[in-house]
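Here is the structure we will look at, set down as structure tokens.
Bear in mind these aren't lab numbers, they're just calculated from the coordinates by the rules spelled out. Keep in mind the model is a prediction, meaning the values are calculated, not measured. Glycine gets a Cβ as well: all are built from the backbone with ideal geometry, and neighbour counts include every protein chain shown.
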């Protein structure tokens, strides 16, 4: 785990920014994750509220269904229901898990469907840091 985190940090640092938060690979949260993350300079470990499974090619309609909970929670909040602190965290992937440069059209189609609808529901799109109160929106 430590080696994987460090190699990821080196790759990201090469882009000129040191990450302050991370999502553990595959969502693995073992007993040593927080200790290893902090030793690597990570301030917080962030998980998701919605993960539609877009790392493999599938019909966009399936992703659209799996992302519908975000809109459902927003509708309930408009009706006065309690709102989740910090909002939703949608975990999406860059293409196909089996190969680099994989097909992303299914993810893009689902986002083309949901982004305007979420905005119409009054949802605001922010960075993880800003949701945690740590920086620009």
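The figures follow:
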item: Relative contact order computed over the range 12-97 (Cα-Cα under 8 Å; 6+ residues apart), in percent; result: 31 percent
item: Gain in span if fully extended, residue 100 to residue 56, counting 0.36 nm per residue against the direct Cα distance; result: 14.7 nm
item: Neighbour-count order for 26, 125, fewest beta carbons within 10 angstrom listed first; result: 26, 125
item: Sorted by Cβ neighbour density within 10 Å, fewest at the top, the residues 44, 88; result: 44, 88
